[in-house]
Amino acid sequence: MVVSVRSLALQGISGYEVRVECDLAPGLPAFEVVGLPDAAVRESRDRVRAAVKNCHFTFPVGRITVNLAPADRRKEGTVYDLPILVGILSASGQIFASLEDCAFLGEVSLSGELRPVRGVLPMAMAARRAGIQRLFVPRDNAPEATLAEGLTVYPVDRLETLADHLCGRSEIAPAIPWTPKPSAEPVPDFADIKGQAQVKRAAEIAAAGGHHLLMVGPPGSGKSMLAKRIPSILPDMTQEEALEVTELMSVAGQLDAEHPMATQRPFRSPHHTVSPPALAGGGSLLRPGEVSLAHHGVLFLDELPEFNRDALEVLRQPLEDGKVQISRVSGTVVYPSQFMLVCAMNPCKCGWYGFDDGRCRCTQREVERYRSRVSGPLLDRIDLQVDVPALSYEELSHRKPGESSAQIKERVERARERQRQRYQGTGVDCNAHMGQPELSRYCALDEAGNTLLRQAFERLGLTARSYDRILRVARTVADLEGAEQISALHLAEAIGYRTSKYFK
């Protein structure tokens, strides 16, 4: 007898339906799983056999063949334990129920308990698209699955409970749709920052337009402190953005029953020893990397020149395209990676270049070698490059708090709202992501602006890419002031952020 049970699988952050076909036939005892299963899927045979016996069901004697269709796509993970088990019990007549509108996923322990799996949200959304009405998942995955509206999600603790529900002996109460709660985690505030008015202004512009930011200055000048406070002034995520971030976190296995949905923009700060695959994504399971886990948030790279050169160069495609394509022997996936890059670095290896007190012992050649670790193409993709000077004693001893994050965020939100209205229906969400049509339409310059930009282009040796990025930053400066047109003053400020004294 052949029984087909519906389940789901992942391809990148997209789910698709899998049919688990279970065939019971007479013959010598055997249990085979086909359909390109990986090691974890093949090991489900032992988990399922033990769970069936330990839950006081009868494991059928004979030849059992399980096919995971479509059979030409590789199947990974422990998500198929539950549908395989349900299929075997149904084929052997121990479960009598119509399963056509149901889908099952979850890992089964040897005692019959269900354990959570990763990637439930994208699989639940795929189930909804496939017309599935009832989704059975481990209890810890149920809050996440309810985020895919239009499904009845059943949280399952044990195999016996599921069998009783399917056979009509008792009911499992559907999971209540999860609603986000206000975050109680404290967020660092810009009010803690002493001085550094120019750098805070650059951070505000970066947040308002989604631009990339590089801070260069001596040790202890507050670069890391500033970077860690940027999330506090970013606009709140929309529902669509929150779901995209949650899908990526789900695929990476970074969600739990208490926090099934991302409610704050991500802030990722990998150590400078991070490898290229860890940054871009990949590995044997093609997991998302740091550039994707920072999607719609901030990727902070502290001590930028200390990162491996190969790791830094993998940033070039996602910075330009907003996505990263990972190709391995096991397949090819595309992950979204539209993040705001924030970098910090010292002006030289020891950090004291430019001070007249003799603290810097680096030779000019050593200084140039240190800075050359950041390639020209990568530097050209960073919109704002700002110097962070050392603080004076008067600035440090000043007790009056600075402007709060809430005040800055209010201005950022107003600027973003102007951008949302301007780009409505274009697929562009902020100034940093404008394409050529939007640049031509919304960044037109008057005669004074054209003259100023021409002079800067010739004097600074700008590239076509930096030309476009200056226009995007100028558009953001104008939005912060509520101006419809870009003036020469807006343009001059944008040009000033391309003229760091350390990169001339």
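I'd like to know if the range 387-408 contains one or more residues that are open to solvent by 10 Å² or more (accessible area, probe 1.4 Å) and within 28 Å of Gln317 (Cβ to Cβ). No, every residue in the range 387-408 fails to be open to solvent by 10 Å² or more (accessible area, probe 1.4 Å) and within 28 Å of Gln317 (Cβ to Cβ). Please go through the range 23-74 and pick out each residue that is hydrophobic (A, V, I, L, M, F, W, C), over 20 Å from Leu110 (Cβ atoms) and open to solvent by less than 40 Å² (accessible area, probe 1.4 Å). Once the filter is applied, which keeps residues that are hydrophobic (A, V, I, L, M, F, W, C), over 20 Å from Leu110 (Cβ atoms) and open to solvent by less than 40 Å² (accessible area, probe 1.4 Å), the range 23-74 yields Leu24, Ala25, Ala30, Leu68, Ala69. What residue, of Val86, Val137, is out of contact with any Pro (no Cβ under 8 Å at 6 or more places or on another chain), surrounded by 23 or more Cβ atoms within 10 Å (Cβ to Cβ) and closer than 26 Å to Glu32 by Cα? Being out of contact with any Pro (no Cβ under 8 Å at 6 or more places or on another chain), surrounded by 23 or more Cβ atoms within 10 Å (Cβ to Cβ) and closer than 26 Å to Glu32 by Cα holds for just one of Val86, Val137, which is Val86. Cβ separations smaller than 6 Å between residues 6+ apart or across chains give the following pairs from the range 184-206 residues that are closer than 17 Å to Gly220 by Cα and open to solvent by 10 Å² or more (accessible area, probe 1.4 Å) to residues that are outside any loop (DSSP other than H, G, I, E, B) and at pLDDT below 85: Lys194/Glu395; Lys194/Leu396; Gly195/Glu395.
Does any residue of the range 67-84 turn out to be part of a loop (DSSP other than H, G, I, E, B), under 20 Å from Arg158 (Cα atoms) and more than 29 Å from the chain's Cα centre (by Cα)? No, every residue in the range 67-84 fails to be part of a loop (DSSP other than H, G, I, E, B), under 20 Å from Arg158 (Cα atoms) and more than 29 Å from the chain's Cα centre (by Cα).
Table: residues versus (1) open to solvent by 10 Å² or more (accessible area, probe 1.4 Å); (2) touching a strand residue (DSSP E or B) at 6+ places or on another chain (Cβ under 6 Å); (3) under 17 Å from His272 (Cβ atoms); (4) aromatic (Phe, Trp, Tyr).
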{"position": "Leu299", "(1), (2), (3), (4)": "no, yes, yes, no"}
{"position": "Pro305", "(1), (2), (3), (4)": "no, yes, yes, no"}
{"position": "Arg316", "(1), (2), (3), (4)": "yes, no, no, no"}
{"position": "Pro336", "(1), (2), (3), (4)": "yes, yes, no, no"}
{"position": "Cys348", "(1), (2), (3), (4)": "no, no, yes, no"}
{"position": "Asp356", "(1), (2), (3), (4)": "yes, no, no, no"}
{"position": "Glu368", "(1), (2), (3), (4)": "yes, no, no, no"}
{"position": "Pro377", "(1), (2), (3), (4)": "yes, no, no, no"}
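Each row is one residue, and each column tells you yes or no for (1) in a loop (DSSP other than H, G, I, E, B); (2) in contact with a Lys or Arg (Cβ under 8 Å, 6 or more places away or on another chain).
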| position | (1), (2) |
| --- | --- |
| Gln264 | yes, no |
| Ala311 | no, no |
| Ile326 | no, no |
| Cys350 | yes, yes |
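Taking first residues from the range 404-432 that are within 19 Å of Asp468 (Cα to Cα) and partners that are assigned to a loop (DSSP other than H, G, I, E, B) and open to solvent by less than 70 Å² (accessible area, probe 1.4 Å), the Cβ contacts under 6 Å between residues at least 6 apart in sequence or on separate chains come to Gln419/Cys430; Val428/Met434; Cys430/Gly210; Ala432/Gly210; Ala432/His211. Any residue at all in the range 376-388 that's without any contact (Cβ under 8 Å) to a residue 60 or more places away in the chain and of a type outside the set (Gly, Ala, Ser)? No, every residue in the range 376-388 fails to be without any contact (Cβ under 8 Å) to a residue 60 or more places away in the chain and of a type outside the set (Gly, Ala, Ser). Taking every residue in the range 30-51 that is assigned to a helix (DSSP H, G or I) and pairing it with any residue that is open to solvent by 50 Å² or more (accessible area, probe 1.4 Å) and hydrophobic (A, V, I, L, M, F, W, C), at least 6 positions away or on another chain, the pairs with Cβ-Cβ distances below 7 Å are Arg47/Leu110; Ala50/Leu110; Ala51/Leu110. Restricting Leu89, Leu82 to residues that are aliphatic (A, V, I, L, M), within 30 Å of His259 (Cα to Cα) and in contact with a Phe, Trp or Tyr (Cβ under 7 Å, 6 or more places away or on another chain) narrows the list to Leu82. Comparison of Leu226, Leu214 shows that the only residue that is under 17 Å from Lys409 (Cα atoms) and touching a residue at least 24 places away in the same chain (Cβ under 8 Å) is Leu226. In the range 297-323, the residues that are under 23 Å from Gln264 (Cα atoms) reach residues that are among the acidic types (Asp, Glu) with C-beta atoms within less than 7 angstrom, at least six apart or across chains, in these pairs: Leu299/Glu290. The residue that is modelled with the lowest pLDDT, counting only those in the range 376-419 that are touching a helix residue (DSSP H, G or I) at 6+ places or on another chain (Cβ under 7 Å) and small (Gly, Ala, Ser), is Gly402. Mind listing whichever residues of the range 145-169 are part of a loop (DSSP other than H, G, I, E, B), free of Cβ contacts under 8 Å to residues at least 60 places away in the same chain and either open to solvent by 50 Å² or more (accessible area, probe 1.4 Å) or in contact with a Gly (Cβ under 6 Å, 6 or more places away or on another chain) (or both)? Listed by number, the residues that qualify are Glu149, Gly150, Asp157, Arg169.
Taking the residues in the range 1-18 that are open to solvent by 70 Å² or more (accessible area, probe 1.4 Å) and more than 27 Å from the chain's Cα centre (by Cα) as candidates, determine which candidate is modelled with the lowest pLDDT. Among those residues, the one meeting the criterion is Met1. The set of residues from the range 484-504 being open to solvent by less than 30 Å² (accessible area, probe 1.4 Å), modelled with pLDDT of 90 or more and not in a helix (DSSP H, G or I) comprises Ile486, Tyr497.
Take Ala464 and tell me if it is farther than 26 Å from Phe339 by Cα, surrounded by fewer than 17 Cβ atoms within 10 Å (Cβ to Cβ) and not charged (D, E, K, R). Considered against the rule, which asks whether it is farther than 26 Å from Phe339 by Cα, surrounded by fewer than 17 Cβ atoms within 10 Å (Cβ to Cβ) and not charged (D, E, K, R), Ala464 comes out as no.
The values are calculated or read from the model by the stated rules, or taken from the named source; none is laboratory data. On a predicted model such as this, the values are computed, not experimentally measured, just so you know. Neighbour counts run over all protein chains shown; Cβ positions are idealised from the backbone, glycine included. When the accessible area is computed, the model is the full protein with side chains, heavy atoms only, and any ligands, DNA or RNA have been set aside. Shrake-Rupley method; radii C 1.70, N 1.55, O 1.52, S 1.80 Å.
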